[in-house]
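Asker: I have a structure here, written as C-alpha coordinates, and I will follow up with some questions on it.
The values are calculated or read from the model by the stated rules, or taken from the named source; none is laboratory data. Model, not experiment: these values are computed from the prediction. Every residue, glycine among them, receives a Cβ derived from its backbone with ideal geometry; neighbour counts consider all protein chains shown. To get the accessible areas, we keep the full protein, side chains included, count just its heavy atoms, and leave off ligands, DNA and RNA. Shrake-Rupley method; radii C 1.70, N 1.55, O 1.52, S 1.80 Å.
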Amino acid sequence: QVQLVESGGGLVQTGGSLRLSCAASGRTFSSYAMGWFRQAPGKERDFVAGISWSGASTGYADSVKGRFTISRDNAKNTVYLQMNSLKPEDTAVYYCAAGNGRFFLPARAGYEYWGQGTQVTVSS
(Lines give C-alpha, C1' and ligand atoms only; values in the text may rest on other atoms or scores of the structure.)
Protein backbone atom coordinates (compact mmCIF):
# COMPACT_ATOMS: atom_id res chain seq x y z
CA GLN A 1 0.00 0.00 0.00
CA VAL A 2 1.16 3.51 -0.86
CA GLN A 3 -0.13 6.88 0.25
CA LEU A 4 0.63 10.00 -1.76
CA VAL A 5 0.04 13.60 -0.70
CA GLU A 6 0.46 16.49 -3.13
CA SER A 7 1.16 20.07 -2.19
CA GLY A 8 2.28 23.31 -3.80
CA GLY A 9 -0.70 24.13 -5.97
CA GLY A 10 -2.24 27.54 -6.08
CA LEU A 11 -3.04 30.56 -8.19
CA VAL A 12 -0.41 32.03 -10.48
CA GLN A 13 -0.38 34.50 -13.35
CA THR A 14 0.43 33.57 -16.92
CA GLY A 15 4.18 33.16 -17.26
CA GLY A 16 4.67 32.39 -13.59
CA SER A 17 6.03 29.30 -11.89
CA LEU A 18 4.98 26.75 -9.30
CA ARG A 19 6.65 23.71 -7.81
CA LEU A 20 4.47 20.79 -6.84
CA SER A 21 5.60 18.22 -4.30
CA CYS A 22 4.37 14.71 -3.66
CA ALA A 23 5.27 12.99 -0.41
CA ALA A 24 5.03 9.20 -0.43
CA SER A 25 4.73 6.63 2.32
CA GLY A 26 4.26 2.89 2.36
CA ARG A 27 6.16 0.65 -0.04
CA THR A 28 9.79 1.20 -0.95
CA PHE A 29 9.66 4.49 -2.81
CA SER A 30 12.87 4.14 -4.76
CA SER A 31 11.79 0.90 -6.44
CA TYR A 32 9.01 2.40 -8.56
CA ALA A 33 8.45 4.94 -11.26
CA MET A 34 6.43 8.05 -10.45
CA GLY A 35 4.28 10.28 -12.56
CA TRP A 36 2.25 13.44 -12.67
CA PHE A 37 -1.15 13.70 -14.33
CA ARG A 38 -3.66 16.50 -14.62
CA GLN A 39 -7.38 16.78 -15.13
CA ALA A 40 -9.24 19.90 -16.17
CA PRO A 41 -13.01 20.25 -15.64
CA GLY A 42 -14.90 18.06 -18.08
CA LYS A 43 -11.69 16.50 -19.40
CA GLU A 44 -9.88 13.20 -18.99
CA ARG A 45 -6.99 12.73 -16.62
CA ASP A 46 -3.93 13.06 -18.85
CA PHE A 47 -0.26 12.22 -18.48
CA VAL A 48 2.03 15.17 -17.79
CA ALA A 49 5.41 13.76 -16.77
CA GLY A 50 7.04 10.55 -15.59
CA ILE A 51 10.30 9.53 -13.98
CA SER A 52 11.96 6.15 -13.59
CA TRP A 53 12.81 4.57 -10.25
CA SER A 54 16.34 5.97 -10.23
CA GLY A 55 15.51 9.33 -11.78
CA ALA A 56 17.75 8.58 -14.74
CA SER A 57 14.90 8.66 -17.28
CA THR A 58 12.13 11.21 -17.63
CA GLY A 59 9.38 11.87 -20.11
CA TYR A 60 6.86 14.61 -20.77
CA ALA A 61 3.67 15.31 -22.61
CA ASP A 62 4.30 17.43 -25.70
CA SER A 63 2.24 20.24 -24.23
CA VAL A 64 4.66 20.76 -21.33
CA LYS A 65 8.05 19.92 -22.84
CA GLY A 66 10.57 22.65 -22.19
CA ARG A 67 8.44 24.17 -19.45
CA PHE A 68 7.98 21.46 -16.80
CA THR A 69 10.62 19.37 -15.05
CA ILE A 70 9.99 16.25 -13.00
CA SER A 71 12.50 15.13 -10.38
CA ARG A 72 12.67 12.90 -7.34
CA ASP A 73 14.53 12.67 -4.07
CA ASN A 74 14.37 9.07 -2.94
CA ALA A 75 15.98 9.87 0.40
CA LYS A 76 13.02 12.14 1.14
CA ASN A 77 10.40 9.90 -0.51
CA THR A 78 9.34 12.88 -2.58
CA VAL A 79 8.74 13.64 -6.24
CA TYR A 80 8.54 17.16 -7.64
CA LEU A 81 7.11 18.92 -10.64
CA GLN A 82 8.66 22.28 -11.43
CA MET A 83 6.32 24.23 -13.68
CA ASN A 84 7.60 27.30 -15.48
CA SER A 85 6.11 29.61 -18.10
CA LEU A 86 2.64 28.61 -17.03
CA LYS A 87 -0.29 29.12 -19.37
CA PRO A 88 -4.04 29.28 -18.71
CA GLU A 89 -4.41 25.90 -20.40
CA ASP A 90 -2.27 24.40 -17.63
CA THR A 91 -5.13 25.01 -15.21
CA ALA A 92 -6.17 21.66 -13.75
CA VAL A 93 -6.07 19.43 -10.73
CA TYR A 94 -2.64 17.82 -10.68
CA TYR A 95 -2.27 14.28 -9.40
CA CYS A 96 0.79 12.42 -8.25
CA ALA A 97 0.88 8.72 -9.11
CA ALA A 98 3.05 5.78 -8.10
CA GLY A 99 3.86 3.31 -10.85
CA ASN A 100 3.70 -0.46 -10.82
CA GLY A 101 7.24 -0.91 -12.13
CA ARG A 102 10.64 0.68 -12.28
CA PHE A 103 10.04 2.51 -15.54
CA PHE A 104 7.42 5.12 -16.22
CA LEU A 105 4.65 4.86 -18.78
CA PRO A 106 2.74 7.79 -20.29
CA ALA A 107 -0.63 6.31 -19.42
CA ARG A 108 -2.86 5.84 -16.40
CA ALA A 109 -2.60 2.06 -16.72
CA GLY A 110 1.03 2.23 -15.67
CA TYR A 111 0.24 3.59 -12.22
CA GLU A 112 -1.29 1.88 -9.25
CA TYR A 113 -1.63 4.52 -6.54
CA TRP A 114 -2.86 8.10 -6.70
CA GLY A 115 -2.81 11.18 -4.53
CA GLN A 116 -5.81 13.35 -3.82
CA GLY A 117 -4.77 16.08 -6.23
CA THR A 118 -3.78 19.71 -5.89
CA GLN A 119 -5.38 22.59 -7.78
CA VAL A 120 -3.31 24.72 -10.12
CA THR A 121 -4.98 27.79 -11.56
CA VAL A 122 -3.27 30.04 -14.09
CA SER A 123 -4.93 33.39 -14.62
CA SER A 124 -5.02 34.93 -18.07
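Asker: Taking the full set of protein chains and a 1.4 angstrom probe, give the accessible area of Leu105 in square angstrom, rounded to the nearest 10.
Answerer: Rounded to the nearest 10, the figure is 90 Å².
Asker: Scale the Cα Rg of the chain by the rule-of-thumb value 2.2 N^0.38 Å and send over the ratio, two decimals.
Answerer: 0.96
Asker: Can you give the accessible area of Thr118 in Å² (nearest 10), computed on protein heavy atoms with a 1.4 Å probe?
Answerer: 20 Å²
Asker: Students sometimes get this wrong: rank Glu112, Glu6 by accessible area, probe 1.4 Å, all chains present, largest first.
Answerer: Glu112, Glu6
Asker: What trypsin sites (Lys or Arg not before Pro) in the range 46-124 are in a loop by DSSP, with at most 15 other Cβ atoms within 10 Å of the Cβ?
Answerer: Lys65, Arg67, Arg102
Asker: Top mean-square fluctuation among Ser30, Ser52, Ser63, Gaussian network model of the chain, C-alpha springs under 10 Å?
Answerer: Among Ser30, Ser52, Ser63, the largest GNM mean-square fluctuation belongs to Ser63.
Asker: Something else now. Taking the Cβ of Asn77 as the center, what net charge do the other residues with Cβ under 15 Å away carry, scoring Lys and Arg +1 and Asp and Glu -1? Display every interim value, and only then the final one.
Answerer: Details: positive: Arg27, Arg72, Lys76; negative: Glu6, Asp73.
Summing Lys/Arg as +1 and Asp/Glu as -1 gives +1.
Asker: If you roll a 1.4 Å probe over the chain with all protein chains in place, what percent of the accessible area is carbon or sulfur?
Answerer: Looking at the chain in its full context, I get 47 percent from C and S.
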